[in-house]
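Everything below concerns the one structure shown next.
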Amino acid sequence: MAEIKVIARNRKAQHDYFLERTYQAGIVLRGSEIKSIRANNVNLRDGFVQERGGELWLIGVHISPYEQASLFGHDDPLRARKLLLHKKEIAQIIDKSRQKGYTVVPTMIFLERGLAKVEIALAKGKKEYDKRDAISKRDSDREIRRTLKEQYS
């Protein structure tokens, strides 16, 4: 098993969506972008995946320009980046994302054997009451852990 170094997580995705299935995809990057990723200058919060001409593209992910590199070729930190997956996986993702209520969101960017990869998830949007239920469950679990910790320490 190759060692994975997590660069950025999209915690908002778990709050806003029910994540059903995840996929690992490679990303087509420029030289200064990979250096920026290694320096943890990435924001996944507003990112999503879109289908264009039978391919999947990562949209809205902000990769800051690398400070030691020249600005040539890295003028737009929000540019669309092509995702690399097997044809079968692309077909499954496109088929599922065309169904009502489904979308594809990036959940994590990581380095594996020196290569930048993104974990994307098929997701179904949560309703407002589902979000409130998740928050109340998390708060009650935290309260239970706190009480148990006080009792046994």
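In table form, for the structure just shown:
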read-out	value
Relative contact order for the chain, counting Cα pairs under 8 Å that sit 6 or more residues apart, in percent	33
Above-threshold pairs, the threshold being 25 Å between Cα atoms, out of LYS12/LYS96; LYS88/LYS126; LYS12/LYS100; LYS35/LYS131; LYS12/LYS124; LYS96/LYS137	LYS88/LYS126; LYS35/LYS131; LYS96/LYS137
Calculated [θ] (222 nm, deg cm²/dmol) that DSSP helices of n ≥ 4 give over the chain, each run adding -39,500 (n - 2.57)	-10500 deg cm²/dmol
Rounded D (µm²/s) - the chain, Kirkwood Rh over Cα pairs, Stokes-Einstein at 4 °C, 1.567 mPa s	75
Computed over region 48-116: relative contact order in percent, which uses C-alpha pairs under 8 Å that are six or more apart	32
For region 127-139, Karplus couplings with θ = phi - 60° (6.51, -1.76, 1.60), whole Hz, Gly/Pro x	7, 4, 5, 5, 5, 5, 4, 5, 5, 5, 5, 4, 5
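Rule-based calculations on the coordinates, nothing more; no lab input. This one's a predicted model, so the numbers in the text were calculated from it and none came from an experiment.
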